[in-house]
Each structure stands twice: as C-alpha cells, then as structure tokens.
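**Q** There's a structure below that I have some questions on.
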Amino acid sequence: MFIKPLNVIIPCLGLLLSNQYATAGPMGFSGSAMTMGDFNNNWRETFINYAITPRDAFGVSATYMRADDKSKTRTLEEVTYTRLLNRWNMPHAQANLWFMGGLGMLQGEDKQAGNDQSFDKIMVTPGVQFDYETTRVYFAATHRFYRASDINHDYSAVRTGFSFYETEYDKTQPWFILEARNMNGLSEKIEITPMLRFINKNFFVEAGVNNSREPRFNFMYIF
Amino acid sequence: MKKLLFTSLILSTLLSNVAFATQTIKANVNGMVCAFCAQGIEKKMRALSQTKDVYVNLKQRVVAVELKEGQTLSNDTVKDLIKDAGYEVTSIEITEHPIAHIKAGYEATEKEAK
C-alpha cells in the first residue's frame, strides 16, 4: 500500500530534478572499443562495440531477462548499431541524442502450470536515448523497443544524479545516481535503484540495491 | 682565440635556447564534462609523435599539448583531433610555458577561489 505511491513519486522526483544531468554514452571515441556490463538478478546484459567513426559504432550484445515471479526467461544475442544523432557541446555541459538498435535471436521460456513453452524468435531492438551532463549533474532518458512476433518487452529508463564534488581529470569522481526502469511484459513494477557511481578517466562503475532489495552492478571500459 | 671562444659561447647559448624552447598548444574546449568520456582526447593527442605531454582540466575546459623539442603541430590538427573525440574547440593559443607551469597556474587559481 505504501510501496505503490513510492513507485510513482520517486521516478517523478527524478524527472523533476533532472533539469540538469550527466554520463557516459553508449559508445567510445572514434577508433575505440567499449565494453559494458549491467547485472542484477533479473537483468544481465553485456556488450562490446567498436566506434568506426566519431558517430557510429557496431557491436555484439547478450542479454538475459527474467520476470519478477521467475515464470518467464528470455535470452537475446544480437548485433548492434549505435549512432550519435546529435551532440550539443556547451561551455559547461554536454547533451546527446543517441540511436541504439539491434537485431538478434531471442530464446524464451514461459513456465505456466502444466503448460511450459519454449521458443526461438527474431527480435529487433531499436531505441533512443537523450542525456545531459555537467561536471556536477546528470540526466538520461532511454526508451528501447524489444519486439518479436507476439512479444513486446519494451524498455524504459530514467536516470538522474549528482556528483558529490568536482575532481581533477585524473582523479576518481563519486556520484549518486537514481534510476527508475521497467521492462514491459516481464515486470509489473518500476524498478528503482539508488546507486553510487565512480568515474575515472579509465573506468566507470556503479553499484546499488534496488527496491526489491536486490544488488545491481554496472561497468564500462574503453580500450 | 678569444674571439673564437666568444663566438662559440654565443652560438651555443643561442642553440641551447632553441633546443630547449617549449611549445605548448592550449585549447579551450566546449562539452568536456566527464573524465571517462574525455579520455579520447588525451589518447588521440598522446598518439601523436610530436607530443611530449598532455594536460586536461575539465573545470577550466582546457586541453594543453606540450610538444617535444623541435616539433611542431598545426592548430587545425589539434582542432580536428578534439572534434574527432566529440568536442568543440572554441579558441586555441600557443604558449612557451610547459604543462607543469600551466597546471600550477590553474591549481593556484582554483585554490584562491576556494
């Protein structure tokens, strides 16, 4: 009873606070390879992509998704394309609009009383992300379609946060990040995760515990 | 003999001044707010054979590239590399100060501001 209003209020607060935002994008600089991992009990994703131009990257991705009640599991392997659609470089801020898309094979398993089903389908995953960051604040909003025939696992996420203090370029900067996200057809609730983020010029890591008291860990690394 | 020694001394002084002259290209950059994202600028600059050292200051929005002795680098090359890394150069200047001097100057300014 008390949890439901919180599930609505906290993401709204995140949106209200997000008139200024900041983070690392879904690809590195031209000629670099970037790897990323995002792990919790119901969502485990890892990808690597290579930026062939300052605006385009190709890669591969593997994602495991599970329903809250464990009745459905999905595994997706896809080839991905990331495109920086627009970038706004301001004196003390940067904003980006990204396209992210993939094409791959989905393996699914639905466990229902007396009627377990498994299937393989082709899945497409086009999406967009907008992010804005300064050295002190960060915001990102993402929506990505996860579609196959008779399957809709569209993903939406909003993130906002602030850094505790500014640091020099070669020092590690700690951030507080609050994320709200949902995956259609797998979870009825909005997952809220407060996280601590540490950004260094060489690495990017986040760790937190969500509103189901499950741990979460993310990382990014550019080669 | 004295004249020869004097000439040699003058020449060696002049040559040593040329040999030890430092050239640093300092660019003001828009959009540079995250160290993880800005690492591309540093990596691209360090990959140049002319580069001796690179300094990035996010707060001051500055990228400085100190060149090896006798090396040159055009402003356009610096601008293009920074643009390739995803950022925008708003102004660029060449100074004879080494990076250590530039860094110390910014640190002093930031210390005073606190």
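The values are calculated or read from the model by the stated rules, or taken from the named source; none is laboratory data. Note that this is a predicted model, so its numbers are computed, not measured. Ideal geometry is used to build each Cβ from the backbone, glycine not excepted, and the neighbour counts take in all protein chains shown.
**Q** Please work out if B:G70 is small (G, A, S), assigned to a helix (DSSP H, G or I) and in contact with a helix residue (DSSP H, G or I) (Cβ under 9 Å, 6 or more places away or on another chain).
**A** For B:G70, the condition - small (G, A, S), assigned to a helix (DSSP H, G or I) and in contact with a helix residue (DSSP H, G or I) (Cβ under 9 Å, 6 or more places away or on another chain) - is not met.
**Q** Which residue out of A:E168, A:E191 is charged (D, E, K, R) and more than 19 Å from the chain's Cα centre (by Cα)?
**A** Working: A:E191 fails: more than 19 Å from the chain's Cα centre (by Cα).
Of A:E168, A:E191, the one residue that is charged (D, E, K, R) and more than 19 Å from the chain's Cα centre (by Cα) is A:E168.
**Q** Now for a separate question. Output the residues belonging to region B:63-90 that are facing another protein chain (nearest Cβ under 10 Å) and touching a Phe, Trp or Tyr at 6+ places or on another chain (Cβ under 8 Å).
**A** B:V63, B:D84, B:A85, B:G86
**Q** To continue, here is another question. Step by step: first the residues of region A:194-215, then only those that are within 14 Å of chain B (Cβ to nearest Cβ) and more than 15 Å from the chain's Cα centre (by Cα), then the one that is surrounded by the fewest Cβ atoms within 10 Å (Cβ to Cβ). Which residue is that? Please lay out each step first, then the result.
**A** First, the residues of region A:194-215 that are within 14 Å of chain B (Cβ to nearest Cβ): A:197-206.
This time we only want the ones that are more than 15 Å from the chain's Cα centre (by Cα), so: A:198-203.
On the way: A:F198: 15, A:I199: 25, A:N200: 16, A:K201: 23, A:N202: 12, A:F203: 15.
For region A:194-215, the residue satisfying everything is A:N202.
**Q** Could you please find all residues in region A:55-73 being surrounded by 17 or more Cβ atoms within 10 Å (Cβ to Cβ) and within 19 Å of A:T35 (Cβ to Cβ)?
**A** Residues satisfying the conditions are A:A57, A:G59, A:S61, A:T63.
**Q** Checking the structure you have, find out if any residue of region A:35-44 is buried (at least 17 other Cβ atoms within 10 Å of the Cβ), in a strand (DSSP E or B), in contact (Cβ under 8 Å) with a residue 24 or more places away in the chain and not acidic (D, E). Steps first, answer last, please.
**A** Residues of region A:35-44 that are buried (at least 17 other Cβ atoms within 10 Å of the Cβ), as a first pass: A:36, A:40, A:42-43.
Keeping just the survivors that are in a strand (DSSP E or B) gives A:36, A:43.
The next check asks that each one be in contact (Cβ under 8 Å) with a residue 24 or more places away in the chain; those that pass are A:36, A:43.
With the extra rule that they be not acidic (D, E), the set shrinks to A:36, A:43.
For region A:35-44, residues buried (at least 17 other Cβ atoms within 10 Å of the Cβ), in a strand (DSSP E or B), in contact (Cβ under 8 Å) with a residue 24 or more places away in the chain and not acidic (D, E): present.
**Q** Quick one: would you say B:M32 is outside any helix (DSSP H, G or I), under 21 Å from B:I102 (Cα atoms) and at pLDDT 90 or above?
**A** Details: outside any helix (DSSP H, G or I): yes; under 21 Å from B:I102 (Cα atoms): yes; at pLDDT 90 or above: yes.
Yes.
**Q** Just checking, how many residues over region A:116-127 are assigned to a strand (DSSP E or B), surrounded by fewer than 16 Cβ atoms within 10 Å (Cβ to Cβ) and under 20 Å from the mean Cα position of the chain (by Cα)?
**A** The qualifying residues number 1.
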